[in-house]
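Have a look at the structure below, then the notes.
The values are calculated or read from the model by the stated rules, or taken from the named source; none is laboratory data. Just so it is clear, the model here is predicted, and its values are computed rather than measured. In this analysis, Cβ positions are derived from the backbone assuming ideal geometry, glycine residues included, and neighbour counts consider all displayed protein chains.
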Amino acid sequence: MKRIELVRSGSGGCVPAAGAARLGLFFTLSLLLGGCATYSETFTPVERKLAAQQPEHALQLLEKRRHSRRDEVLYLLNKGMLLRMTRDYEASNQAFEAAKRRINELYGASITEQAASFIINDGTRSFVGAEFEQVLVHLYMALNYLEMRQLDQARVEALQVDIRLREIAEHVPESAYTEDAFARYLTGIIYEERGEWSDAMIAYRKAYQSYNKYHDRFGTEIPVFLKYDLLRLSERMGLTQELARYKREFSISQWQDVASLRRQGELIFMLHNGLAPKKREQSAMVINPQSGRLIRVSLPEYQPRPQPVLRARLIVDGDRVRTQVAEDITGIAIKSLEAKMPAITARAVARAVLKDQTAKQAGKQHELAGLMVNLMNVMTERADTRSWATLPGNIHFARLPLPPGNYAVKVELLGSGDAVLATRELSNITIRAGEKNYYSYHWIPSRL
Amino acid sequence: MRRYREQFTRFHVIPLALILSLLQVGCATSVTRMDAGEVKDLSGAWNDTDSRLVSEEMIQDVLSRSWLQQYVRAQRKQPTVIVGEIRNLSHEHINVNTFVADMERSLINSGKVEFVASRTERQDVREEREDQDLHAREDTRKAMGQEIGADFMLKGTINTIVDPSGTKQVRYYQVNLTLISMADNRKVWVGQKEIKKLVKRSKLRF
């Protein structure tokens, strides 16, 4: 735990008796603060179970933990994700659906929570998740439905993604995250499987636009699979000019047309790689030299985790296909917190001023009261480190057209220098003509 | 220190009592029985009232149209209907079984239309019949191959258009049901019910 600690004594250089007492208080405080952990720190045991490749135990641990009503969304999101890792898709979707309902209930700003966040800390507010987390709920629900082969239900989620993204674009126009490329891409694939070509085309187009933005912001390459999808569908829909433009932009001259792809099936593989960055607290504590009171300001900060797996390689019948990053959750999380930092900082500073005033007022009544209030104020000044920590760090993706039949697929996870870090055999994958077979692989490194 | 304690008792007991009484309100689970016909919209999502409105409208429509009389006149028997797939193309996870069951019940009870069991129900019945073949007394045994083939299939879709803006949202639901003749794919009846809602969400909560 790293903490910036600044202590400044009075300008005279000699510390008066009261000042010495305060210094003592200061050291006790930092000891006390060390003992009372932030939310993300208390979540570490669950993460350790995941790193030990035991999602079932992680789930048990999560369910045993007490959580307050204001953390309910967070609990449900984590629960849904852990259930998904244990391949209980139905229960996972129940948890996600409950989370969605609660997020909608928490739409309005709470008067009491807002007030408390100005007096105590930001953690007193109900957790509703960042915008990207709210969209990813729909994405993971859609994936659960797809893995249960319930295409119509997945389509419901695809429509909800659209509504949610429209709301976000209107709500927070200045935000770094207004479109989700991978969510758009997945909705396109869902529409395409159902033969809704125009909806699929629109979704692919939006995915392409937002991948261009992803490229600028997070350095995510535009997946080559999407390029083929755009070419195939613009050809199918007779969009000659658009097709010519894509051909020029991608410099691809050959692709599989819609009819021949429909005679084949497809394996859609996703690697949910590692864990999302962790929020931690960054605090500064100073002694105001004039008043001798302690002032503490705590702000949240994302700390990226090591991502040893750089890509995955699928081996089917001697063919090798490499995955590409489709969603850089780490990058999105960091950028979207950055966009929120001015507001969070402003609130923290306002809170520090207010807290100092209360201590001053109490101190006028009685010196001990002032000291106690000051102590309480500093103790309660904690950063809001809640985030959906069981999300992967990034999502890798590959689309693989295959003739109908049974397949055994070998998945190799590659680290730097293409060293194979882990392998998994997916046996008995049945590919049917015109259908897409979704397969998700959650991989969490043993060292977090 | 005594002055301190006096102040505490005077100023802090009253708000403390207030907070406690507020907390207590939220604690107990309460259940209120409601009439099944009562309209209660909570979140603005598809609910029992919508389902009921759809089934009422559809039943009235399907029984009053000419396809029924025409069929009875031509075939001199009542039409047999099977429920096919009702696709949910809306943005909500809607349970379509509620209004399909409503329709089925009203149509059967009207005495004008007969229904045959749907695909999944049939599977169950067939398994039971196979079991009868082995275990039931001969005079009570039901023979295989005596099922009635349906004349019409009821198919449908639910579609939605959502227009969100700020705290307001207009939700438009359109339920389309079609009765298709099994013999020649003719659509003999198309029913439609539209529902439109304006959902306003509060910017503030307690």
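Points to keep in mind about this one:
- When residues of the range B:107-125 are limited to those that are charged (D, E, K, R) and free of Cβ contacts under 8 Å to residues at least 12 places away in the same chain, the one surrounded by the most Cβ atoms within 10 Å (Cβ to Cβ): B:Glu121
- Residues being at the interface with another protein chain (Cβ under 8 Å from one of its Cβ atoms) and of a type in the set (S, T, N, Q) - total across the range B:152-166: 2
- Residue list for the range A:118-151, restricted to those being under 20 Å from A:Tyr75 (Cβ atoms), assigned to a helix (DSSP H, G or I) and of a type in the set (Gly, Ala, Ser): A:Gly123
- Pair list, Cβ < 6 Å and 6+ apart or interchain, from the range A:200-227 residues that are over 19 Å from A:Ile329 (Cα atoms) to residues that are surrounded by fewer than 23 Cβ atoms within 10 Å (Cβ to Cβ) and basic (Lys, Arg): A:Phe225/A:Arg399
- Yes/no for A:Phe132 being more than 12 Å from every other protein chain (Cβ to nearest Cβ), over 25 Å from A:Lys355 (Cβ atoms) and among the aromatic types (Phe, Trp, Tyr): yes
- Applying the criterion of being in contact (Cβ under 8 Å) with a residue 40 or more places away in the chain and among the charged types (D, E, K, R) to the residues of the range A:257-277, the residue that is surrounded by the fewest Cβ atoms within 10 Å (Cβ to Cβ) is A:Arg263.
- Residues that are within 14 Å of chain A (Cβ to nearest Cβ), within 25 Å of B:Arg122 (Cα to Cα) and touching a Phe, Trp or Tyr at 6+ places or on another chain (Cβ under 9 Å) within the range B:61-95 comprise B:Ile86, B:Ile94, B:Asn95, listed in sequence order.
- Residues (under 14 Å from the mean Cα position of the chain (by Cα) and either among the polar types (S, T, N, Q) or loosely packed, with under 14 Cβ neighbours inside 10 Å (or both)) located in the range B:61-100: B:Asn88, B:Ser90, B:Asn95, B:Asn97, B:Thr98
- Failed criterion for B:Ser165 (all others in (1) surrounded by 12 or more Cβ atoms within 10 Å (Cβ to Cβ); (2) at pLDDT below 90; (3) among the hydroxyl-bearing types (Ser, Thr, Tyr) hold): (1)
- Residue-level check: of (1) assigned to a strand (DSSP E or B); (2) over 17 Å from B:Trp189 (Cα atoms), B:Arg52 misses just (1).
- Of all the criteria given as (1) out of contact with any Leu (no Cβ under 7 Å at 6 or more places or on another chain); (2) modelled with pLDDT of 75 or more; (3) closer than 24 Å to A:Thr385 by Cα, the one not satisfied by A:Arg3 is (2).
- The number of residues in the range A:81-117 being facing chain B (nearest Cβ under 9 Å) and either touching a Cys at 6+ places or on another chain (Cβ under 8 Å) or not in a helix (DSSP H, G or I) (or both) comes to 5.
- Taking first residues from the range B:93-104 that are on the phi < 0 side of the Ramachandran plot and partners that are of a type in the set (Phe, Trp, Tyr) and not in a loop (DSSP other than H, G, I, E, B), the Cβ contacts under 7 Å between residues at least 6 apart in sequence or on separate chains come to B:Glu104/B:Phe115.
- The listed residues are B:Arg129, B:Arg52, and the only one of them that is touching a residue at least 12 places away in the same chain (Cβ under 8 Å), more than 30 Å from B:Ala36 (Cα to Cα) and not polar (S, T, N, Q) turns out to be B:Arg129.
- Considering residues of the range B:168-206 that are out of contact with any Gly (no Cβ under 8 Å at 6 or more places or on another chain) and part of a loop (DSSP other than H, G, I, E, B) only, the residue nearest to the other protein chains (Cβ to nearest Cβ): B:Phe206
- Residue, farthest from A:Ser336 (Cα to Cα), within the range A:141-167, restricted to residues that are more than 10 Å from chain B (Cβ to nearest Cβ) and buried (at least 20 other Cβ atoms within 10 Å of the Cβ): A:Leu146
- A:Phe127 being within 21 Å of the chain's Cα centre (by Cα) and aromatic (Phe, Trp, Tyr): yes
- Here B:Ala143 fulfils each of the conditions (1) in contact with an Asp or Glu (Cβ under 7 Å, 6 or more places away or on another chain); (2) more than 18 Å from B:Ser118 (Cα to Cα); (3) more than 14 Å from chain A (Cβ to nearest Cβ) apart from (1).
- Being among the β-branched types (Val, Ile, Thr), modelled with pLDDT under 95, over 17 Å from A:Ala284 (Cβ atoms) and in a helix (DSSP H, G or I) holds for only one residue in A:Val321, A:Val373, and it is A:Val373.
- A:Tyr191 meets the stated requirement of being part of a helix (DSSP H, G or I), of a type in the set (Phe, Trp, Tyr) and within 14 Å of chain B (Cβ to nearest Cβ).
- Taking the criterion of being in a loop (DSSP other than H, G, I, E, B) and surrounded by 10 or more Cβ atoms within 10 Å (Cβ to Cβ), the residues of the range B:129-162 that qualify are B:Ala136, B:Arg141, B:Lys142, B:Met144, B:Glu147, B:Ile148, B:Ala150, B:Asp151.
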